[in-house]
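Notes for the one structure printed next.
Readers should treat all values here as calculations from the given coordinates under stated rules, not as data from a laboratory. Treat the numbers as computed from the prediction; the structure is a model and nothing was measured. Reconstructed Cβ throughout: ideal geometry from the backbone, glycine too, with neighbour counts over all protein chains shown.
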Amino acid sequence: MWTIAFAVAAVLFVLVTGANDGAALIGLGLRFPKAPGWFTVGLLAGALIAVPYLLGVAVAATFTERLAGLDADGGAAAFLAGVVIAVGVVAVLAGRGLPTSLTLAVVGGITGAGFGAGLPVSLSGLGTVLAVGVAAPLAGVLLGYVMGAVSRRVPSHGRMPRIVLAAHLLAYGAQCVAYAVNDGQKMLAVVSVAVEVGRHEAGRHGVGGIGPVHVAPAWMALLVAVFLAGALTSLPRVGARLGRGLVLARPLHVVSAEAAAAGAVLGSSVLGAPVSMTQSVTAGVVGAAASEGGKRVRWRGVATMGAAWAVTLPSSMALGCLAGLAVRWL
């Protein structure tokens, strides 16, 4: 029973992650003129598979180790409850074409479920994650603004379109690496726990707490396939809203936003703190556009997504707490 429950939750979680994060990433990349679609998708898929092996899974471990005492009895059930709540909250918002922070939803869901289940919750760990989560978008806005302002001073010449396209591919590649080493690792945490629970139940050990995060080539390939399925399905809705619903994006806006988002997220990875790539991308887009004046930003779209993000954490935490209480008394 537990194996099936975790397997279903893991698949749904990866699908929603693709619909939320993947669509936003790919959508921004495809907003660039003459950007090859196959390369945009392939680069993201390659980064998701390779980067955890090359740069580690420290951020994935944050979800399983730094938020609550999930290694204790009931930890796996609380983790499942938190993930299900996060999927539900973000699915509602994604269904309306609002790219919100799935990372915040997971943090809130797991922490709330830990409280409800009576597990020890690390307030210092939660505080660090939230502080970095707030700082990363602010850094994205600042970096986007600076890069947007600098890009306008670059002299134009005949080869500029090729140079800008090359810069886009490099910036988008850095963005994919940043996502794979940080925000994308929430999928690794969920799938790793699901695999571990399946092994324990198969060995008749039951399900109690959860252990360290592990990755394996077999399920990594399946994870990326499900992620891309969710991303490509939601791309017309979420990707278009990210680009057109916020600013009138130009090629240099896209490059500046991608570089700004990559810088903000990579910097957060040093602390092992998960941050939302969707937030950082949006912040980079807004900063790059604002470098040409506030009228370049569609503030109504920014306010709408900001409201969705503001609702995500408290709602997922409150619902997670209720789910944790239900798990505790089952």
Average Cα contact separation per residue, the chain, under 8 Å, 6 or more apart, as relative contact order %:
39
Run the helix sum for the chain: -39,500 (n - 2.57) per DSSP H stretch of 4+ residues, divided by residue count, reported at 222 nm to the nearest 500 deg cm²/dmol.
-24500 deg cm²/dmol
Write down the radius of gyration of the chain and its Dmax, each obtained from C-alpha positions, in Å.
19.4, 70
With charges set only on the Cβ (+1 for Lys and Arg, -1 for Asp and Glu), what does the dipole of segment 2-329 come to about its Cα centre, in debye to the nearest 20?
1400
Could you tell me which of Cys176, Pro36, Leu126 has its Cα farthest along the dipole of the chain towards the positive end, charges placed at Cβ (Lys, Arg +1; Asp, Glu -1), taken about the Cα centre?
Pro36
I'd like the distance between the alpha-carbon centres of segment 246-300 and segment 302-330, rounded to an integer number of Å.
25
Sorting Trp329, Ala289, Gly56 by the position of each Cα along the dipole of the chain (Lys, Arg +1; Asp, Glu -1; all at Cβ), the one nearest the positive end of that ordering is Ala289
For Leu130 and Lys295, calculate 0.36 nm times their separation in residues minus their Cα-Cα distance, and state this gained length in nm to one decimal.
56.4 nm
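What helices does the chain hold that run 18 Å or longer along their axis, going by alpha-carbon atoms, with a Kyte-Doolittle average of 0.0 or more, using DSSP H for the helix calls?
Span-like helices here: 2-17, 37-55, 75-95, 102-116, 123-151, 160-181, 185-202, 217-234, 251-269, 277-290, 299-329.
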